[in-house]
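The structure appears below as structure tokens.
The values are calculated or read from the model by the stated rules, or taken from the named source; none is laboratory data. The model shown is predicted, which means the values in this text are computed figures rather than measured ones. Note that each Cβ is placed from the backbone with ideal geometry, even for glycine, and that neighbours are counted across all protein chains shown. We work out accessible area using only protein heavy atoms, side chains counted, and drop any ligands, DNA or RNA first. Shrake-Rupley method; radii C 1.70, N 1.55, O 1.52, S 1.80 Å.
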Amino acid sequence: MDSQEILVKNLVMKVKQELFSPDVDLVSLVLPSPYDIAWLSMISNPHRGSDEPLFKGCLDWVLQHQTTRGFWGDDDHVPTIESLTSTLVCIVALATWDVGHDAIQKGLAFIHATTEKLLEEQNNSFLEWFVIVFPAMVELAESKGLHVHFSHGSTALVEQVFQKRQQIFQMHRLVHSGDQQQYYSPELMQYLEALPAEAYDINLNETLLLCQSEEDGLLIQSPSVIAYAFMKTGRKEFLSKLNSIVQKCGFSVPAIYPMDENLPRVCLVNRTERLGLAEHFMAEITTMLGQVYRSYISCEEPKSKEKHAMPLQLYKDSLAFRLLRLHGYTVSPRKFCWFLHDEDMMVYIEEHHETFLSAMYNVYRATDVTFTGESELEDVKEFSKRILEKETIKDSKNLVGPSSMNGLQDQITHEISIPWLARLDHLEHRKFIETKLEPAGPWIGKDLSCRWSKDIGLVDMGFARQKTAYCYFAVASTASHSSLSYVRSALVKAAVLVTVADDFFDKEGLMNELEALANAVERWQEKGLEGHGKAIFKSLKDFVDDISWQFFKQNGYDIKSYLQDLWHQAFVSWLKEAEWSKNGHPLSIVEYLQVATSSIASQTIILTAALLLDTPPGLEILKSPQSHPLTNSLMLLTRLLNDIQSYQREQEEGKPNLVLLHMKGNPNLGAEESIGIIQKVLDEKKKEFLEQALVNNGINGDDMPKACKKLHLSCLKAFHMFFNSTNAYDSPTELLADINKAIYDPLRMDAQGILKKDKPKSLASYGKSQTTCVVKVQGNLRKEFVAKPYFGYEVLSLKLRKPTILRDFGISRFASIPATGVNTLPLASCTRHSHFACVMGSW
């Protein structure tokens, strides 16, 4: 183990101790909220009069955490619209105790200089939380004798916010039927400290009852609301809750308390996986998801269905469902689909769709793992997609919303436009890392390191599609775990062999040459072969010998005869299709699929490589791949994907194709109608496949190893990518941008080799914390090295009161852990040291 590997190992151990250790308090991973801390700092000590703060540590926190630019916020360098409200309440807290006079003046100067810009960035789409809280904090500051002076350009915008607040209050105001007293609806109780006095002065106790329930105690999870309620009433239950918050969180009070500890758990696992770091923390992820699973199945629906808490609840439960399914747990979607049976809640979500965007984004992502017969998930997919499309439609019409939502809108557009099964993991990891980053410019990378197909002459045949780079790209981007180096190599070689041999049978070979090659594969002897047929057989023989030898070294017995038989099945199917094309043999759909599901050769590629897994599949599957439900499903799905997108080319070449056969059997239907029918079958079969691939022990109790199932899923994702909406596999240019991004293109870095980040746009909610890591790549093999390790403190940023953009992490403690790469490919290079930089920040 070299020094770099030792460094990476030590860094991984440090992250495990700081994030995944059983001793870690999950609440400590949540970002502190300047807004809520300031409210706690304003509470007087009830035992020592009004001259001393009850939580002096909170006041000290406020004094110590003003940025050099004069604001308080989650990002030390870039103010957001949330910085306006946080800064106002922080200077009020300082004025309350007559301390920090310079800080107060710096804060007021920040408000004067920056309000116009931050309000303009909202594009006249101010979110409800801001419309309610900002005017109230301005009024509170004025009541403390602090003159909040706005610039001339911002005056009209500020007045607009005040007017919108009045409209919201009129809409939410309720009238008590008995004495015509007015009070506000429960949804506004989460903003209690920002509501006008008349909202609660009439009957404060009755208002506060709206914040409580006999079963759960306080329904409101906002420390600022609890602090305000105590200051107004002095009631012991509020003081007890405040003491509990400080005891649990220290003086770095979060925006949510109490918090379901499964929320940071699922967020931590989600971020780890989306960054491509899961391979370093598999045992820890398994432990965390086990805890989440026990909680998830303990009740079918959430105990509380308070509307203000629903965005966070739906976010957590839908994310938990997706992660649990992907890791083989049997879980019901009812936990987050219940609102489909609650008409009032559906209407509420529609009316407050911006508040539910993050929740609906994760609800939609949860439907990626829909199994057969789960109509509830189909319904929730349709509903969540409708909510999400409101934002994409708004963007397409230039009816832009707050700039703070641009990142989420990009994620939504990406999610809706490309099915999950058609997205490759490695590219998804990079996209997640580089959100809001732009490449520094073109870079001419070195050639792919492993040119096996060129060395043995497969790329020089003239007739075959030159798809070596495509194969490397697909394999590297779907099976990128560092332990799968030999498996990746086998997958690429098998895919190249299949492409060349299939083209030889389709285009180049004469019937006698094709028959001779198929017979040679059956005999496993090259006698009688010449030209291209001989080269293909020699390449296949060398490849099978190599796989057999590697398997023997690992397991102690020979499997060459099984591999020979597996490949022979593919050659027989190619020969049969060549005979059909030559003779014009009339086919039924059943007859065609019996051969075509074998000739697609996805099973040949995947099972050959699977033999090199630590836990390979049983050998009987090599004799009859279609006998295993999962492999049989893969064979059918890959054939359907191929045929839908390649029927025009195959019609010109006189080859059979499922779309063409369906049109022939249904002459009243056109191509689009036939494709639509086949697509419905494809969609249903994908659900069956996912259940077989994801559920432990499968739906029929099969014993295929989990790693082999995952390889099947990776294979389907690669085929889905190639044949999603076009035949990208046969296009010479369509995938070039993705290939460059996956293998060559660097991320932006400064002169010190640290990733540059564009100036972030304001966040309307959920603060921002970003950090940087660098992964070094040397030569052709990925070397995991961290140039500038940084270990911060904040991992989870949540704002229940402002739930539009729920960022699950500002992963400072992940900085310096390398993202999963590809051992056989140079991932990127943009400096002479070939650094591959990754930002682990917000989305």
Next item on the list: Enumerate the pairs (first residue in the stretch 425-442 and acidic (Asp, Glu); second residue anywhere and at pLDDT 80 or above) with beta-carbon separation below 6 Å, excluding pairs fewer than 6 apart on the same chain, so at least 6 apart or on different chains.
Entry: ASP425/THR478
Checklist line | Breaking point among (1) assigned by the TED database to the domain that holds HIS149; (2) over 23 Å from ALA194 (Cα atoms); (3) open to solvent by 30 Å² or more (accessible area, probe 1.4 Å), for ASN10 | finding: (1)
Margin query: So, in the stretch 280-301, exactly how many residues are more than 20 Å from the chain's Cα centre (by Cα) and of a type in the set (A, V, I, L, M)?
Written below: 2
Check: Residues in the stretch 1-44 that are among the hydrophobic types (A, V, I, L, M, F, W, C) and without any contact (Cβ under 8 Å) to a residue 12 or more places away in the chain: how many?
Finding: 4
Checklist line | Elements of type helices (runs of 4 or more DSSP H) in the stretch 80-176, at least 1 residues being in contact with a Ser or Thr (Cβ under 6 Å, 6 or more places away or on another chain) and farther than 30 Å from GLU391 by Cβ | finding: 81-96, 101-120
Margin query: Against the conditions (1) modelled with pLDDT under 95; (2) open to solvent by less than 10 Å² (accessible area, probe 1.4 Å), where does SER602 fall short? Just the number, please.
Written below: (1)
Next item on the list: Need at least 2 residues that are outside the structural domain of VAL369 (by the TED database) and modelled with pLDDT of 95 or more per element, so show me which helices (runs of 4 or more DSSP H) inside the stretch 608-707 make the cut, counting only ones lying wholly within it.
Entry: 629-653, 658-665, 671-694
Next item on the list: Report yes if GLY328 is at positive phi, open to solvent by less than 20 Å² (accessible area, probe 1.4 Å), modelled with pLDDT of 90 or more and of a type outside the set (D, E, K, R), otherwise no.
Entry: yes
Item checked: the stretch 510-532 residues that are in contact (Cβ under 8 Å) with a residue 60 or more places away in the chain, paired with ones that are open to solvent by 60 Å² or more (accessible area, probe 1.4 Å) and not small (Gly, Ala, Ser) (beta carbon under 7 Å, 6 or more apart) -> MET511/LYS582; HIS532/GLU508
Notebook entry, point to check: Looking at (1) within 41 Å of the chain's Cα centre (by Cα); (2) open to solvent by less than 50 Å² (accessible area, probe 1.4 Å); (3) not small (Gly, Ala, Ser), which is the one condition that is false for GLN554?
Noted result: (2)
Note to self: Being open to solvent by less than 10 Å² (accessible area, probe 1.4 Å) and of a type in the set (Lys, Arg) is the filter here; which residues of the stretch 479-525 pass it?
What the structure shows: ARG488
Check: How many residues are open to solvent by 10 Å² or more (accessible area, probe 1.4 Å) and closer than 30 Å to THR80 by Cβ if we restrict to the stretch 40-54?
Finding: 3
Item checked: Residue list for the stretch 252-279, filter: touching a residue at least 60 places away in the same chain (Cβ under 8 Å), under 20 Å from VAL331 (Cα atoms) and over 20 Å from the mean Cα position of the chain (by Cα) -> GLU261
Margin query: Step by step: first the residues of the stretch 368-396, then only those that are touching a helix residue (DSSP H, G or I) at 6+ places or on another chain (Cβ under 6 Å) and farther than 19 Å from ASP410 by Cα, then the one that is most open to solvent (accessible area, probe 1.4 Å). Which residue is that?
Written below: ASP379
Notebook entry, point to check: Hey, any hits in the stretch 63-83 for a residue that's touching a helix residue (DSSP H, G or I) at 6+ places or on another chain (Cβ under 9 Å), under 30 Å from LEU268 (Cα atoms) and free of Cβ contacts under 8 Å to residues at least 24 places away in the same chain?
Noted result: yes
Check: Does SER548 count as more than 20 Å from LEU716 (Cβ to Cβ), crowded, with 16+ Cβ neighbours inside 10 Å and small (Gly, Ala, Ser)?
Finding: yes
Check: Got a sec? Which of GLN182, GLN170, GLN190, GLN105 is of a type outside the set (Lys, Arg) and modelled with pLDDT of 90 or more?
Finding: GLN105
Item checked: In the stretch 69-80, the residues that are under 23 Å from MET42 (Cα atoms) and modelled with pLDDT of 90 or more -> GLY70, PHE71, TRP72
Margin query: Please verify whether GLY767 is modelled with pLDDT under 95 and either outside the structural domain of ARG325 (by the TED database) or touching a helix residue (DSSP H, G or I) at 6+ places or on another chain (Cβ under 7 Å) (or both), treating the condition exactly as stated.
Written below: yes
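Conditions tested, residue by residue: (1) assigned by the TED database to the domain that holds ALA596; (2) aliphatic (A, V, I, L, M); (3) touching a helix residue (DSSP H, G or I) at 6+ places or on another chain (Cβ under 6 Å).
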site: ILE536; (1), (2), (3): yes, yes, yes
site: PHE543; (1), (2), (3): yes, no, yes
site: ASP546; (1), (2), (3): yes, no, no
site: GLN554; (1), (2), (3): yes, no, no
site: ILE559; (1), (2), (3): yes, yes, yes
site: TYR562; (1), (2), (3): yes, no, yes
site: HIS568; (1), (2), (3): yes, no, yes
Margin query: I'd like to know if the stretch 526-537 contains one or more residues that are within 24 Å of GLY654 (Cα to Cα), small (Gly, Ala, Ser) and open to solvent by less than 10 Å² (accessible area, probe 1.4 Å).
Written below: yes
